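Engineer: I am attaching a structure below and will ask some questions about it afterwards.
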Amino acid sequence: MRILITSTWGTGHVFPMLPLAHALLTAGHQVRWAAHGPAGALVTAAGIDAIPAGLSSSEIAAMREPISDHLATLPPPEWAGYAFPTMFGEHATPAMVRDLLPLAQDWRPDLMVHEQAELGSALVGALIDVPSVTHSFGGAVPPAHLVAATEVLRPLWADHGRDIPPHAGSFESLYLDICPTSMQTVPMDHIGARQPLRPVQDNGPSSAPLPDAVTTEDDRPLVYLTLGTVSNHAPALVTAAAGLARLDARVLIAVGKDGDPELLGSMPGNVTVATWVDQAAVLPHCSVVASHAGSGTFFGALARGLPQLCLPQAADQFRNSAAAVRSGVGLVLAGEEVTADAVHDAVRRLLTEDGFRSAAQGVAAEIAAMPSPDDAVPVLERLVTG
């Protein structure tokens, strides 16, 4: 088969699809990946043929500025409801369709796979009469976000002589769902055929050694703090670092490749600050994870049975945080609740109260039982061959 994968630019939107892409390649299928802006470099680094399509890095930066200005007027839990149809619908989709349609007409894929925020694949698939599969990047996107995107994109579909299906054309063929059922916070009745898919951390090859704080023999627990690649400049990072530094624990803080370790000030000897770490390699050594609750970190830690402190900043992070509290796998601090004392006390509870770890280990078992990316390949083959 020829499979054309599409994605937006976010690291958290690219990495969840890499395991499936590698499984398809291992099974002998041809895979190409069309991506906006900086995502192409992530795909290429993972050994997959990447093709630039849609918005360039400079166009993404220019588009984000007015959107960010508007988001500043809204409470953070409401950001996704505005940003999803505006950023991924109004701005990203027309540019992707412009570049993706001639690519698809020339290469003639047998199947298209798009992450949930990339909404151009559905239209292009309809135009070339090829199934378009939707791949989640976390829990299900609230249907209201997709309904809003549908209205934004209705004229684009009409320009191509088509009526837009519900939910911006998503779920017309199949939904690959990496979210464990116990962590789902959105009703699923707007989704048709669904294939569970185990979330697997696949960040591409890494030659970076693990920090000494991870590998040095030490009886103290290891606490890992990250706010990901988008929220890593949030003030909560400095505050959380100050709280964690007071624990009788080893603390590893990843500030991001574009982050500045100096912003954290002077840290005691139990704290190691890095710009970037191989998270998949770090997590097996951890006892607790404190993060923004982005889906990559959130599910990666759950797959290891790790209790979590969620410090949500935007988007699906609030939904993941709600799932953490509901299921008992973690605690949440948001907005003004994030103080050094509160972070210290919350993580101390996660380290000492067995109920959090027991609940997280239950979710880890649930994740382990989900079908693997290799198991999904025959499902996609049948979708093409009937």
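Engineer: Could you check how many residues of the range 131-140 are open to solvent by less than 20 Å² (accessible area, probe 1.4 Å) and in contact (Cβ under 8 Å) with a residue 60 or more places away in the chain?
Structural biologist: 5
Engineer: As an exercise: evaluate residue 41 against (1) touching a residue at least 60 places away in the same chain (Cβ under 8 Å); (2) within 18 Å of the chain's Cα centre (by Cα); (3) open to solvent by 30 Å² or more (accessible area, probe 1.4 Å) and give the number of the one condition it does not meet.
Structural biologist: Only one criterion is unmet by residue 41, namely (1).
Engineer: What pairs come up if the first residue lies in the range 80-99 and is of a type in the set (D, E, K, R), the second is open to solvent by 30 Å² or more (accessible area, probe 1.4 Å), and their beta carbons are under 8 Å apart, counting only those six or more places apart or on different chains?
Structural biologist: 90/152; 99/52
Engineer: Counting only residues that are assigned to a strand (DSSP E or B) and among the aromatic types (Phe, Trp, Tyr), how many does the range 149-200 have?
Structural biologist: 1
Engineer: Now a separate question. Quick check on residue 378: is it modelled with pLDDT of 95 or more, open to solvent by 20 Å² or more (accessible area, probe 1.4 Å), part of a loop (DSSP other than H, G, I, E, B) and not acidic (Asp, Glu)?
Structural biologist: Judged against the criteria, residue 378 is not a match.
Engineer: Which of the following residues is modelled with pLDDT of 95 or more, open to solvent by less than 20 Å² (accessible area, probe 1.4 Å) and assigned to a helix (DSSP H, G or I): 325, 343, 289?
Structural biologist: Answer to the check: 343.
Engineer: Which residue pairs have Cβ atoms under 6 Å apart, sit 6 or more places apart or on different chains, and have a first residue in the range 240-256 that is open to solvent by 10 Å² or more (accessible area, probe 1.4 Å) and a second that is basic (Lys, Arg)?
Structural biologist: Here the result reads 250/220, each pair linking the range 240-256 to a residue that is basic (Lys, Arg).
Engineer: What single numbered condition from (1) assigned to a loop (DSSP other than H, G, I, E, B); (2) at pLDDT 80 or above; (3) surrounded by fewer than 15 Cβ atoms within 10 Å (Cβ to Cβ) fails to hold for residue 228?
Structural biologist: Of (1) assigned to a loop (DSSP other than H, G, I, E, B); (2) at pLDDT 80 or above; (3) surrounded by fewer than 15 Cβ atoms within 10 Å (Cβ to Cβ), only one is false for residue 228: (3).
Engineer: Now for a separate question. Output the residues belonging to the range 62-114 that are closer than 23 Å to residue 14 by Cβ, small (Gly, Ala, Ser) and open to solvent by 60 Å² or more (accessible area, probe 1.4 Å).
Structural biologist: 62, 68
Engineer: Turning to a different aspect of this structure: Please count how many residues of the range 346-375 are open to solvent by 30 Å² or more (accessible area, probe 1.4 Å), touching a residue at least 12 places away in the same chain (Cβ under 8 Å) and not in a helix (DSSP H, G or I).
Structural biologist: Qualifying residue count for the region: 1.
Engineer: Return the only residue of 119, 123 being over 22 Å from the mean Cα position of the chain (by Cα) and either surrounded by 24 or more Cβ atoms within 10 Å (Cβ to Cβ) or modelled with pLDDT under 95 (or both).
Structural biologist: 123
Engineer: Looking at 182, 170, 206, can you tell me which residue is surrounded by fewer than 21 Cβ atoms within 10 Å (Cβ to Cβ) and either in contact with a strand residue (DSSP E or B) (Cβ under 7 Å, 6 or more places away or on another chain) or modelled with pLDDT under 90 (or both)?
Structural biologist: 206
The values are calculated or read from the model by the stated rules, or taken from the named source; none is laboratory data. Quick caveat, the model's predicted, so the values are computed rather than measured. Note that we place each Cβ from the backbone using ideal geometry, even for glycine, and neighbour counts take in every protein chain shown. The protein model used for the area step is the full one, side chains on, heavy atoms only, and it has no ligands, DNA or RNA in it. Shrake-Rupley method; radii C 1.70, N 1.55, O 1.52, S 1.80 Å.
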